[in-house]
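The values are calculated or read from the model by the stated rules, or taken from the named source; none is laboratory data. Computed from a prediction, not measured in an experiment: that's the story for all the values here. Positions of Cβ are generated from backbone atoms using ideal geometry, with glycine treated the same way; all protein chains shown enter the neighbour counts.
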Amino acid sequence: MNRFFRKATTTLAMTAIAATVVSVGACAPKHKPLFIESGFLTEYAMLHPGEPGQLAMVYRNPNADFSTYHKILFEPLTIWIDETQSSQMHSDDLQRIANGLYYAVALELRKEWQLVTESGPGVMRLRIGLIAVDHPEDHLDVYTTVAAEETANSDTPIPESLRGIGEHITVEVELFDDQTREVLAAAVDRWADTGPHGPVETWSDVHREFENWGRWLRGRLHRGAAAGSHEEL
Amino acid sequence: MRITLAITLALTFGLPIVASATSYNGYSNTGFRHYGKRQCCESAVVEAQDDSARACKRAGGFADYKRNTSRGKCKWDRRRDKQGRWVYSCSGVATVLCR
């Protein structure tokens with residue numbers, strides 16, 4: 001997804017480099033799994049590796065007719081973070097992320113679709129999860145959007161605990177029919193590998209990152225939902 | 001000593017344990033009734049928030065959980081049902097602002 005909160009501390013970077021060198025030298029290389037089946041999505045078995053330029057793991061329902069959907073019910077954005085990581089972070093900051101990213105995405109979606117809050121025909125539901133777990137059995141700290149609130153566009157530095165968090169986050173996205181609950185499309189990728197990203201030092205940078213990501217997601221959905229398109233997320 | 005006394009009083013008289021000056025911990029346990037972890041944890045957190053809000057009201061306060069944050073902890077377990085599907089049980093802990 002992006003380089004959201006990208007700046008890792010020098011110490012962490014050095015530690016990571018040292019650990020990599022040691023692991024390469026000590027044993028056969030191990031590939032870290034691209035993502036962990038967190039359980040956020042309805043189904044993972046249907047996902048398959050995306051083509052270059054797509055998200056890492058994708059699914060598009062071959063029977064889905066996106067031209068019949070003109071409305072989106074955007075569910076509260078969810079953050080799942082394992083307790084070990086979240087204990088080092090301020091809960092207000094994580095809540096700010098859940099609210100701010102929701103706001104930015106909703107702002108973009110509104111340009112193409114009617115955003116609704118009630119079920120009905122022609123409505124597809126969009127569900128986004130930011131997942132930061134190291135193991136599927138992790139106990140979770142759960143945050144969901146309370147209100148769509150624009151992230152403060154301020155030069156206040158983000159807390160040290162948030163720096164580099166984007167490297168540990170996986171984004172899970174799911175679109176499904178509001179009436180039948182049939183999954184229309186789904187995708188999973190690392191936050192750092194989606195959307196355009198720049199250095200993130202301040203809340204103003206976060207604000208910009210969220211705007212960019214919302215724009216990027218709208219573009220993805222637009223292309224995927226275009227009539228006759230078979231493009232996946 | 002004080003903590004022990006507080007817990008003893010809470011257990012004896014059913015008083016809510018105060019998480020801070022203005023909030024109370026709420027707890028929940030969904031039992032094995034969800035077929036997805038997301039729904040299970042969502043329910044656990046919402047029910048724990050409701051429990052926290054009830055504790056707040058019992059203490060004469062006003063639970064302002066819609067304006068504050070939506071945050072909770074979720075511990076989960078799963079097992080196979082008779083059809084072989086995973087069924088989840090989640091326990092939640094949450095604290096809502098109490099005015």
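The set of residues from the range B:26-46 being in contact with a strand residue (DSSP E or B) (Cβ under 6 Å, 6 or more places away or on another chain), assigned to a helix (DSSP H, G or I) and among the β-branched types (Val, Ile, Thr) comprises just one member, B:45. Return a yes/no flag: does the range A:112-126 have any residue that is closer than 18 Å to residue A:206 by Cα and within 17 Å of the chain's Cα centre (by Cα). For the range A:112-126, residues closer than 18 Å to residue A:206 by Cα and within 17 Å of the chain's Cα centre (by Cα): absent.
Select from the range B:41-99 the residues that are of a type in the set (Phe, Trp, Tyr) and out of contact with any His (no Cβ under 9 Å at 6 or more places or on another chain) and write down the one among them that is farthest from the other protein chains (Cβ to nearest Cβ).
Among those that are of a type in the set (Phe, Trp, Tyr) and out of contact with any His (no Cβ under 9 Å at 6 or more places or on another chain), it is B:62.
Among all residues of the range A:73-88, there is at least one that is assigned to a loop (DSSP other than H, G, I, E, B) and modelled with pLDDT under 90. Taken together, A:83, A:108 contain a single residue that is of a type in the set (D, E, K, R), under 20 Å from the mean Cα position of the chain (by Cα) and away from chain B (no Cβ under 14 Å), which is A:108. A count restricted to the range A:129-139 and to residues that are free of Cβ contacts under 8 Å to residues at least 60 places away in the same chain and either charged (D, E, K, R) or buried (at least 20 other Cβ atoms within 10 Å of the Cβ) (or both) stands at 3. Look at the range B:29-50: where a residue is surrounded by fewer than 23 Cβ atoms within 10 Å (Cβ to Cβ) and a partner is of a type in the set (Lys, Arg), sitting 6+ places away or on another chain with Cβ atoms under 7 Å, you get B:32/B:79; B:35/B:85.
If you go through the range A:182-195 and pick out every residue that is surrounded by fewer than 20 Cβ atoms within 10 Å (Cβ to Cβ) and either under 13 Å from the mean Cα position of the chain (by Cα) or free of Cβ contacts under 8 Å to residues at least 24 places away in the same chain (or both), you end up with 2. I need a count of the residues in the range A:111-154 that are within 14 Å of chain B (Cβ to nearest Cβ) and basic (Lys, Arg). Adding up the residues that qualify gives 2. Residues in the range A:140-174 that are in a helix (DSSP H, G or I) and either surrounded by fewer than 22 Cβ atoms within 10 Å (Cβ to Cβ) or without any contact (Cβ under 8 Å) to a residue 60 or more places away in the chain (or both): A:160, A:161, A:167, A:168. If you go through the range B:47-88 and pick out every residue that is assigned to a helix (DSSP H, G or I), over 10 Å from the mean Cα position of the chain (by Cα) and not hydrophobic (A, V, I, L, M, F, W, C), you end up with 3.
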